[in-house]
Amino acid sequence: MSIEGRTAIVTGGASGIGLAVARVLVKAGAKVVIADMDQQTGETAEEQLSAHGAVQFIRTDVSKRLDVHNLMALAVDHFETIDILVNNAAILERCSLLDLHEDAFRHVLDINVTGAFLTTQAAARLMVSQAENGQPPGIIVNISSLNGRVAMNGQLAYCVSKGAMDQLTRSAAVELAAWGIRVNGVAPGTIATDMVANLTDNPGIRDQILSRTPLGRLGEPDEVADLVKFLVSGRAAYMTGETILVDGGRRALNIPLPPADED
């Protein structure tokens, strides 16, 4: 099934991985709604991507139910249906467990988990209605993280949120399968985005990251976006409830060791 003419919502779509996803989908012929809190960046993204097709920016705080309701209503008003949802909006709070304030912990979960729940629920209700009226089933893709499966010092809230995102993917996939709605996830490793720039701009930290990444480089946003494009296509029609790692082999590596001496 082609995604041409189908409507896709990308949360956190004004920059980084979200922008790359929005770009690849609109180039594939989808009508794309960029949902983001950053008004200026969102408007810039809309202007840039409109050269490739139908794009609409809607300022949205995914942690607020009213904002999510308005997002869905405006998306339908602009493009009539909601066929694809990409839950990408996320924030990162770097702080040790001993110093992490409960308000900061809640804020990360509000955006990363509650936000994904609210958008999934709202979009799924529309997708179910559309499916019952004979339209093609909808598709949901959740952008998780390698950190949903491994832990890192100083990123407890983020790691917890992404572990929850993986379970949201599985649970939603099971519940929505009755209407043919597929829910899958993508779990990136370290991707060259603004979110991780203050880490990777530090040569020592960058070298440490690369030492535990078998492919020896950072990932690119487009490499994540291309996998999302596959998951929303007909080629992935028998896939649901899965979260796929895009991490340069990092999850497969136990501990970095120097190469064995050659005889």
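The table below gives the values:
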item: Test result for V26, in contact (Cβ under 8 Å) with a residue 24 or more places away in the chain and within 19 Å of M127 (Cβ to Cβ); result: no
item: Residues (small (G, A, S) and buried (at least 18 other Cβ atoms within 10 Å of the Cβ)) located in segment 46-82; result: S63, A75
item: Matching residues in segment 81-106 - criterion: being over 20 Å from the mean Cα position of the chain (by Cα) and of a type in the set (D, E, K, R); result: D99, E102, D103
item: Only one of G53, G42 that is of a type outside the set (S, T, Y) and not in a helix (DSSP H, G or I); result: G53
item: Hits in segment 99-126 - residues which are closer than 21 Å to A178 by Cβ, of a type in the set (G, A, S) and either surrounded by fewer than 17 Cβ atoms within 10 Å (Cβ to Cβ) or in contact with a Phe, Trp or Tyr (Cβ under 9 Å, 6 or more places away or on another chain) (or both); result: A124
item: Any hit, segment 207-220, residues being within 22 Å of G16 (Cα to Cα) and of a type in the set (V, I, T); result: yes
item: Residues located in segment 219-259, provided they are part of a loop (DSSP other than H, G, I, E, B) and more than 28 Å from I84 (Cα to Cα); result: G249, L253, N254, I255, P256, L257, P258, P259
item: Meets criteria (surrounded by fewer than 17 Cβ atoms within 10 Å (Cβ to Cβ), in contact (Cβ under 8 Å) with a residue 24 or more places away in the chain and either of a type in the set (S, T, N, Q) or closer than 18 Å to L245 by Cβ (or both)) for S171; result: no
item: Matching residues in segment 219-263 - criterion: being loosely packed, with under 13 Cβ neighbours inside 10 Å, of a type in the set (A, V, I, L, M, F, W, C) and under 21 Å from the mean Cα position of the chain (by Cα); result: A237
item: Within segment 196-218, tally of residues that are surrounded by fewer than 15 Cβ atoms within 10 Å (Cβ to Cβ), assigned to a helix (DSSP H, G or I) and either under 21 Å from the mean Cα position of the chain (by Cα) or in contact (Cβ under 8 Å) with a residue 24 or more places away in the chain (or both); result: 4
item: Among the candidates R149, R170, R212, R235, residue that is touching a Pro at 6+ places or on another chain (Cβ under 7 Å) and either of a type outside the set (A, V, I, L, M, F, W, C) or within 23 Å of V24 (Cβ to Cβ) (or both); result: R212
item: Filtered residues of segment 26-41 (kept if out of contact with any helix residue (DSSP H, G or I) (no Cβ under 6 Å at 6 or more places or on another chain) and crowded, with 23+ Cβ neighbours inside 10 Å); result: A30
item: Counted residues, segment 139-194 - those being closer than 24 Å to I84 by Cβ and not small (G, A, S); result: 25
item: Qualifying residue in segment 2-25 (condition: farther than 24 Å from L227 by Cβ, surrounded by fewer than 24 Cβ atoms within 10 Å (Cβ to Cβ) and over 16 Å from the mean Cα position of the chain (by Cα)); result: no
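This table checks each residue for (1) surrounded by fewer than 23 Cβ atoms within 10 Å (Cβ to Cβ); (2) assigned to a helix (DSSP H, G or I); (3) of a type in the set (A, V, I, L, M); (4) modelled with pLDDT of 95 or more.
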site	(1), (2), (3), (4)
V128	yes, yes, yes, yes
A131	yes, yes, yes, yes
P137	yes, no, no, yes
M152	yes, no, yes, no
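The values are calculated or read from the model by the stated rules, or taken from the named source; none is laboratory data. Because the structure is predicted, anything quoted here is derived from the model rather than measured. Quick reminder, even Gly has a Cβ in these numbers, built from the backbone with ideal geometry, and neighbours come from all protein chains shown.
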